[in-house]
Structures are given as structure tokens and as C-alpha cells.
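Peer 1: Take this structure, written in C-alpha cells, and hold onto it; I'll ask about it next.
The values are calculated or read from the model by the stated rules, or taken from the named source; none is laboratory data. Bear in mind the structure is a predicted one, so any value in this text is a computation, not a measurement. Cβ placement follows ideal geometry from the backbone for every residue including glycine, while neighbour counts extend to all protein chains displayed. The accessibility values were calculated without ligands, DNA or RNA, using every heavy atom of the protein model including side chains. Shrake-Rupley method; radii C 1.70, N 1.55, O 1.52, S 1.80 Å.
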Amino acid sequence: MSQIQLSSAVRQNLLSLQNTADLMSKTQNRLATGLKVNSALDNPGSFFTASSLNNRAGDLTNLLDDMGQSVQTLKAADEGIQSITKLVEAAKGKANQALQSSSTADRRKFAGEYNELLSQIEDLAKDAGYSGKNLLAGTGNDLSVLFNEDGTSSLSVSAVDYTDTSGTLGLSDLTVGTSGTLTIAESALEAGDEDGDTLTVTVGGSSVGSIAYDDGTTAEDVVTALNAIDGVTASTDGTDITVTSENGNIVIDDSDTTADLATQTGTGYVAGSFDADSDINTSLTSLNSALNTLRSQASTFGTNLTVVENRQNFTTRLINTLEEGAGKLTLADTNEEGANLLALQTRQQLSSTSLSFASQADQNVLRLF
């Protein structure tokens, strides 16, 4: 088949239309995608540079998510320390209350409440974790925060263990204490009394008084006399006398041997950690030390939190900078591209008109036939 020959004018106008159509296609693509560089074919330098910037921005975005989770972990630990500090201050208040009280029973009540506060501290420390990481639970909970994509910049946060108050905080449970008890049969008590006789009462090895034990002394008389002794409580049910002593095991001994009441010795006494002022002061010293430890650790976590939040803000700004730089290399100016499209449409119309004129010149030859 012979090749079709076009006149020079027609061919020139046809090439112009094809070029205009190609430019319109590119302009429309830029308007549709918003990019002036869609592939390496458009501009290899800009394309690969922008890809590198976007890739780094993507890597930093992933790290930014990890930083955000690390911030929450540190905040959870800080909230835990603040709450634990309040509980330690409450325990210190119990120790001060015990120091101001002269009642052994009250001191033991405060010791029990003190132990409950320590238990709450341990439970709170166990619950201060975030997303499986607990900076107050010790071994295995250290936190590592990466700040750049190659891992050369990072922060390590060491966990502390407050789940056992006797460890880092140095606060051990107190011995609440138990009063000694003694039971005396009324029949034995009344069988041993004689004129001029006495009952010697000792508590914890120290004499605390004596009770007249004359002929005719009743169980009620002995109960009344025992209740008059500080730290000793007695009651009777008509058969037995029950005696409790807060400050040691009680011993009641008949001074006469003619109609002797066998020596009566109480049992079960356990000294409480708050029974003596010196022990309470020791506990207060430990509590003050624990408060200093907590405040120091709170300051450490606060510093770590500041560092991570600062790097988080910096990374956010850096990501924006990288994406902005990539955009300057690849983003199209929609206003300019819109103007280009309008100009190309005008050029296309003019080229079509010109082609029509060129075709008319060729058609004049047909009229000769």
C-alpha cells in the first residue's frame, strides 16, 4: 500500500494539534493528581529526591507514634508516684497519731491501718502500667525510646520496683501486737484468800501493783482492782475471770503460802511495732526517707518526660519540613496549570481552524476536475 502524502501545511498543523493534545494530557494529569512530577520520567532528580524525603518522613512518623506511647507510659508512672506519695504521707500521719496517743490499743489500731496503706501502695504500683509496660514494677519494664530512624539517638528509662514496699522504699509491714490473756477460775481465786494476804501483779516482768486478798475478797473485788491498773482489763462471767494485758504477759502471784493461789501466768502477748515511742520514731525516719526517694524518682521521670515530649514536638516539625520540601519538588501549581490548560484549549481551537484552512487549499485542486 502506497504511503499517504500530506501537504506541508496540513502536516504542520497536524503536528501542532498532536503536540497541543499531548501538553493538555500532561496538564490535566497534573491537575488531577496535584503533582507536577508523577514519575521519574517527569523529572528524575526531583522525583528521587522527593521520594527520599517522603521515605524519611514516613520512618519518623512511625517513630512519632512510639514516642507518643512512651509519653503515656511515663505519664502513667508519674501519676502512680504522685498517688503513692499521698499514701506514704497518710502512713506518716498514722505514725504521728500513734506517737501522740498513750493508748496501746489505739497505737495497735494505727499500726493495722499503716499496714493497710502499705498494701494499697503495692497494689497501686502494680496497676500503674500502660500498654503492658509498668515503670513502677521493676525488672523487665525498662523503657527505651528511639528518636531517629537509624537508632543512634535514643533515651533509656530505668524502671523502679514499688510493688514491694520493703524494697526500694524501705517500708516493712509493722507488727500490730497482741495482748496477753489470762483466765482464772473464781473458785480457785476465792479458795486462796486469807486475812492480810495480797496478790502481786506483774506485767512483762515489771511489778504494776498489788491487790488486797483478805478473807472474804470476792472475784468482783479482784476484777475491780485489776481494771484500775493501766493497760490491764478484767471481766468475769460468774465462773472465770478473763484478764488481758496490753504491755506484756500478766503474772498474778499469791504472797501467802498457807492457802496459796497457784501462780497465774498469762500467755499470747506479742509486742507491737507502735507500742514504744522509739519504734514509732524509727518508722517516721523510714517514711521520710521513702518520701525523699519518691520525690527524687518523680523528678527523674519528669525530666525524661520533658525530653521525650520535646523530641516528639521536634520530630513533628521535622516531618512537616521534609514533607514540605518534597512537595516543593513535586507539587503542581494548580493556578498555573489551570491557566496552561485554558491556553492549550485556545491553541487547540486555533490549530483546528488553521488545519481547516490548510485542507481547503488542497480541496481547491478537486475543483479543477
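Peer 1: Can you find even one residue in the stretch 130-138 that is open to solvent by less than 20 Å² (accessible area, probe 1.4 Å), farther than 20 Å from residue 286 by Cβ, modelled with pLDDT of 95 or more and in a loop (DSSP other than H, G, I, E, B)?
Peer 2: Within the stretch 130-138 (the criterion being open to solvent by less than 20 Å² (accessible area, probe 1.4 Å), farther than 20 Å from residue 286 by Cβ, modelled with pLDDT of 95 or more and in a loop (DSSP other than H, G, I, E, B)), the answer is yes, since at least one residue qualifies.
Peer 1: Under 8 Å between Cβ atoms, which residue pairs at least 6 apart in sequence (or on different chains) link something in the stretch 161-179 that is in a loop (DSSP other than H, G, I, E, B) with a partner that is among the basic types (Lys, Arg) and surrounded by fewer than 20 Cβ atoms within 10 Å (Cβ to Cβ)?
Peer 2: 163/126
Peer 1: Out of all the residues in the stretch 213-258, which are under 21 Å from residue 104 (Cα atoms), hydroxyl-bearing (Ser, Thr, Tyr) and open to solvent by less than 20 Å² (accessible area, probe 1.4 Å)?
Peer 2: 245
Peer 1: Run down 88, 37, 71 and say which single residue is surrounded by fewer than 19 Cβ atoms within 10 Å (Cβ to Cβ) and either in contact with a Phe, Trp or Tyr (Cβ under 9 Å, 6 or more places away or on another chain) or of a type in the set (Val, Ile, Thr) (or both).
Peer 2: 71
Peer 1: Have a look at 102, 154 and point out the one that is closer than 30 Å to residue 55 by Cα and either open to solvent by 30 Å² or more (accessible area, probe 1.4 Å) or more than 18 Å from the chain's Cα centre (by Cα) (or both).
Peer 2: 154
Peer 1: May I pose another question? Determine, yes or no, whether residue 106 is under 28 Å from residue 279 (Cβ atoms) and at pLDDT 90 or above.
Peer 2: yes
Peer 1: Using beta carbons and a limit of 6 Å, which pairs, at least six apart or on different chains, have the first residue in the stretch 113-134 and in contact (Cβ under 8 Å) with a residue 24 or more places away in the chain and of a type in the set (Val, Ile, Thr) and the second one outside any helix (DSSP H, G or I) and surrounded by 17 or more Cβ atoms within 10 Å (Cβ to Cβ)?
Peer 2: Cβ pairs passing all conditions: 121/165.
The rows are residues; the columns are (1) open to solvent by 30 Å² or more (accessible area, probe 1.4 Å); (2) more than 17 Å from residue 165 (Cα to Cα); (3) touching a strand residue (DSSP E or B) at 6+ places or on another chain (Cβ under 6 Å); (4) not small (Gly, Ala, Ser).
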| residue | (1), (2), (3), (4) |
| --- | --- |
| 54 | yes, yes, no, yes |
| 64 | yes, yes, no, yes |
| 81 | no, no, no, yes |
| 110 | no, yes, no, yes |
| 116 | yes, no, no, yes |
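Peer 1: Can I ask one more? Being open to solvent by 60 Å² or more (accessible area, probe 1.4 Å), of a type in the set (Asp, Glu) and modelled with pLDDT of 75 or more narrows it down to one of 336, 323, so name that one.
Peer 2: Result: 323 is the single residue among 336, 323 that is open to solvent by 60 Å² or more (accessible area, probe 1.4 Å), of a type in the set (Asp, Glu) and modelled with pLDDT of 75 or more.
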